[in-house]
Amino acid sequence: QVQLVESGGGLVQAGESLTLSCAASGSSINAMGWYRQAPGKQRELVAVIVSGGNTDYADSVKGRFTISRDNAKNTVYLQMNSLKPEDTAVYYCWAQAMRRYSHWGQGTQVTVSS
């Protein structure tokens, strides 16, 4: 069973930075990432990192967000720079185990004021 614990959300002003962390417990995790969901919108992929280290980002965050993973700690980070009001959302940590099963964190609120 995989459990995910997120931290690092908060309220910042536009242009500022924030780092999210997600610690995973469990085994056979082959990929981790972050999704977000703004009010009235569908949940969308923000960034993902697979076990080999390859990453992928939503076009809207490329060049501003960086995803990284500490394999020893089974923790994934999302460094968010140059934040915009449109980045405001609940951010969810995601992990895939055994290349098949998806697991979700409880979500952390990120609010960017203009």
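Where the second residue is open to solvent by 50 Å² or more (accessible area, probe 1.4 Å) and the first is part of a loop (DSSP other than H, G, I, E, B) and lies in segment 34-49, which pairs have Cβ atoms under 7 Å and are six or more apart or on separate chains?
Pairs found: R43/Y35; R43/Q37.
Condition first: out of contact with any Leu (no Cβ under 6 Å at 6 or more places or on another chain) and closer than 16 Å to N30 by Cβ. Now tell me which residues in segment 71-94 satisfy that.
Passing the criteria: N71, N74, T75, V76, W94.
Being part of a loop (DSSP other than H, G, I, E, B), touching a residue at least 60 places away in the same chain (Cβ under 8 Å) and open to solvent by less than 30 Å² (accessible area, probe 1.4 Å): is that true of L4 here? Spell out how you get there, then give the answer.
Numbers: part of a loop (DSSP other than H, G, I, E, B): no; touching a residue at least 60 places away in the same chain (Cβ under 8 Å): yes; open to solvent by less than 30 Å² (accessible area, probe 1.4 Å): yes.
No.
If G107 satisfies every condition in (1) of a type outside the set (K, R); (2) open to solvent by 60 Å² or more (accessible area, probe 1.4 Å); (3) at positive phi; (4) in contact with a Phe, Trp or Tyr (Cβ under 7 Å, 6 or more places away or on another chain) but one, which is the exception?
For G107, the exception is condition (2).
If you take the residues of segment 14-63 that are under 14 Å from L78 (Cα atoms) and among the polar types (S, T, N, Q), which of them is farthest from the chain's Cα centre (by Cα)?
Selected residue: S17.
Just the residues that are open to solvent by 60 Å² or more (accessible area, probe 1.4 Å), modelled with pLDDT under 95 and part of a strand (DSSP E or B), please, taken from segment 51-101.
Scanning segment 51-101 gives a single hit, Y101.
List pairs: first in segment 50-70 and more than 11 Å from M32 (Cα to Cα), second of a type in the set (S, T, Y) and assigned to a strand (DSSP E or B), Cβ under 7 Å, 6+ apart or cross-chain?
Final answer for the pair search is F65/Y57.
Does V112 satisfy the criteria of being open to solvent by less than 60 Å² (accessible area, probe 1.4 Å), over 14 Å from V5 (Cα atoms) and more than 12 Å from the chain's Cα centre (by Cα)? Please lay out each step first, then the result.
Numbers: open to solvent by less than 60 Å² (accessible area, probe 1.4 Å): yes; over 14 Å from V5 (Cα atoms): yes; more than 12 Å from the chain's Cα centre (by Cα): yes.
Judged against the criteria, V112 is a match.
Working only within segment 7-27, note down all residues that are outside any strand (DSSP E or B) and open to solvent by 70 Å² or more (accessible area, probe 1.4 Å). Show your work before the answer.
Of segment 7-27, the ones outside any strand (DSSP E or B) are 8-9, 14-17, 26-27.
Selection gives E16, S27.
The values are calculated or read from the model by the stated rules, or taken from the named source; none is laboratory data. A quick note: this is a predicted structure, and the numbers were derived from the prediction, not measured. Methodologically, a virtual Cβ is constructed for each residue, glycine included, from the backbone with ideal geometry; neighbour enumeration extends over all protein chains shown. Note: areas computed on protein heavy atoms with side chains; ligands, DNA, RNA excluded. Shrake-Rupley method; radii C 1.70, N 1.55, O 1.52, S 1.80 Å.
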